[in-house]
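Enquirer: Quick one: the structure is below, and I'll ask about it shortly.
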Amino acid sequence: MTRVGSPPSVLGRLLAAAGYRLESRTGAVVAVRQRDHRAVVIALAARSPSEVEPLFPPDAVHRTIVYDDDPGAEARADAGERGIEIVDPSTLGPSLGELLLPPPAESPSEADWAELAGPAVIAPDGPRTVRPRIGRAEAESLAGIDGTRYTLRLVPYFVAPYRVRSPSPHGGAGPILRRLVAVNATTRRGEVWKDGEREIVAGVDEPHQRLEPQLPEPLARPIALETIRRHHAVRVDHTEQHGGALVIETRRVAPAADDVRLGPFSLLYVPHWYAEASGGRVVLDAVTGRRVDGDDA
């Protein structure tokens, strides 16, 4: 029977050969394989799952603790509630096959992954305005407010292309997706756009006001990265059986920072309809027709 032992243990060497990166901690060895978001903690001392859990990376999808002895029913119940797999000498043999199984092959589009290093031009010098698709009459219908003053304002956004390898609920390499991330330079709110959803034009014929950015471009980057990771997070369900009861833990796992490639920013102006009345204000995105909350306007 393979035992944990002290580092470097046989198990540690097997994990390293299977592509895990090992790091020694006090009373434990942490093995992480970023490609399929697997993490294994080899417990070198008796520690509860609640004590071990902080050693796992926050983006780990499959989390396993390997004990040298049976940790007991209480520890198994605690691990089940946290979505952590428990392995001891009696189950290590059968579990090794899954832990050491090579991660899935990369997506066929892996060759495209590095292409974003070159600048991707969203808006060449000159036209930087998004064409409105919602006219005033449509805005009045969507807002549903009579007797108000409607103003078309061009709102500044810092927009950048990005690619992300989204995590897979099963721990494999997810697809590589291409999108645009846009950060409102007045409200500091981020959102994700799909390519081709917005048309860049030289100007807008409708009378309008142009707002100036209130956010420096360097500060748009962390907002954009957080927006991307939140948008592409996946739900992961971990199920275990405990004495006839089925325990399901649900977590949301976001792409790791290394799984996001963010391109250069361009400043674009997006048209919004502002419907202002004595009772308040309604703001509509003049491209999508989406109602924007008052705090976002």
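Enquirer: Has region 211-225 got at least one residue that is in a strand (DSSP E or B) and either at pLDDT below 85 or within 16 Å of Pro132 (Cβ to Cβ) (or both)?
Expert: For region 211-225, residues in a strand (DSSP E or B) and either at pLDDT below 85 or within 16 Å of Pro132 (Cβ to Cβ) (or both): absent.
Enquirer: Check His170 against each of (1) at pLDDT below 80; (2) within 23 Å of Val159 (Cα to Cα) and name the one condition it does not meet.
Expert: (2)
Enquirer: Which of the residues that make up region 77-93 are touching an Asp or Glu at 6+ places or on another chain (Cβ under 8 Å), in contact (Cβ under 8 Å) with a residue 60 or more places away in the chain, surrounded by fewer than 20 Cβ atoms within 10 Å (Cβ to Cβ) and assigned to a helix (DSSP H, G or I)?
Expert: Hits for region 77-93 are Glu81, Pro89.
Enquirer: In region 136-146, is there at least one residue being among the basic types (Lys, Arg), at pLDDT 80 or above, under 26 Å from Ile223 (Cα atoms) and assigned by TED's automatic domain parsing to the domain that holds Gln209? Explain how you work it out, then say what you get.
Expert: First, the residues of region 136-146 that are among the basic types (Lys, Arg): 136.
Next, only the ones that are at pLDDT 80 or above stay: 136.
In the following step, the residues that additionally are under 26 Å from Ile223 (Cα atoms) were identified as none.
Checked region 136-146: no residue is among the basic types (Lys, Arg), at pLDDT 80 or above, under 26 Å from Ile223 (Cα atoms) and assigned by TED's automatic domain parsing to the domain that holds Gln209.
The values are calculated or read from the model by the stated rules, or taken from the named source; none is laboratory data. Please read all numbers here as calculations on a predicted model, not as lab measurements. Ideal geometry is used to build each Cβ from the backbone, glycine not excepted, and the neighbour counts take in all protein chains shown.
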